[in-house]
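The values are calculated or read from the model by the stated rules, or taken from the named source; none is laboratory data. Small disclaimer: the values here were computed from a predicted structure and weren't measured. Quick reminder, even Gly has a Cβ in these numbers, built from the backbone with ideal geometry, and neighbours come from all protein chains shown. The accessibility values were calculated without ligands, DNA or RNA, using every heavy atom of the protein model including side chains. Shrake-Rupley method; radii C 1.70, N 1.55, O 1.52, S 1.80 Å.
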Amino acid sequence: MDLNLKGKVAIVTGAGGGGIGTSVSYELAREGAHVVANDIDRASADKVAKQVAALGSRSIATYADVTSFK
């Protein structure tokens, strides 16, 4: 599938949970997007960011609770 995402940046919240967010992160990377892997858990976000980078995309991990305004 070609979604024309080469060089685009995608921010994925809940990326480290091992579910939909993780799968979406990997698929976006396979499509050529750079991925910002956000999760409330640092270790999980770091793991996904490293795995995305191993797929050949640039990636960083961010840590935030997107359900809170604080």
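Table: residues versus (1) closer than 19 Å to T67 by Cβ; (2) touching a Cys at 6+ places or on another chain (Cβ under 7 Å); (3) at pLDDT below 95.
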| site | (1), (2), (3) |
| --- | --- |
| D2 | no, no, yes |
| K6 | no, no, yes |
| A10 | no, no, no |
| G18 | yes, no, yes |
| V36 | yes, no, no |
| D39 | yes, no, no |
| Q51 | no, no, no |
| G56 | no, no, yes |
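Quick test of your reading of the structure: G17 fulfils all but one of (1) open to solvent by 50 Å² or more (accessible area, probe 1.4 Å); (2) touching a Leu at 6+ places or on another chain (Cβ under 6 Å). Name the failing condition by number.
(2)
Here is a check on your reading of the model: is A33 crowded, with 20+ Cβ neighbours inside 10 Å and under 17 Å from M1 (Cα atoms)?
Answer is yes for this residue.
Return the pairs, sorted by first residue and then second, in which the second residue is open to solvent by less than 100 Å² (accessible area, probe 1.4 Å) and polar (S, T, N, Q), the first residue lies in the stretch 1-13 and is within 15 Å of I60 (Cβ to Cβ) and part of a strand (DSSP E or B), the beta carbons are less than 6 Å apart, and the residues are 6+ apart or on different chains.
So the pair list comes out as V12/S25; T13/N38.
Considering only residues that are over 11 Å from the mean Cα position of the chain (by Cα) and closer than 12 Å to A15 by Cβ, look in the stretch 44-64 and name the one that is surrounded by the most Cβ atoms within 10 Å (Cβ to Cβ). I'd like the intermediate steps shown before the answer.
Here is the first cut: in the stretch 44-64, the ones over 11 Å from the mean Cα position of the chain (by Cα) are 54-56, 63-64.
From what is left, the residues that are closer than 12 Å to A15 by Cβ are 63-64.
Working: Y63: 15, A64: 11.
Top of the filtered list is Y63.
Only residues that are touching a strand residue (DSSP E or B) at 6+ places or on another chain (Cβ under 6 Å), outside any loop (DSSP other than H, G, I, E, B) and touching a residue at least 24 places away in the same chain (Cβ under 8 Å): list them for the stretch 22-45, please.
Here is the first cut: in the stretch 22-45, the ones touching a strand residue (DSSP E or B) at 6+ places or on another chain (Cβ under 6 Å) are 24-25, 28-29, 33-38, 42, 45.
Restricting the remaining residues to those that are outside any loop (DSSP other than H, G, I, E, B) gives 24-25, 28-29, 34-38, 42, 45.
Correct list: S25, L28, A29, H34, V35, V36, A37, N38, A45.
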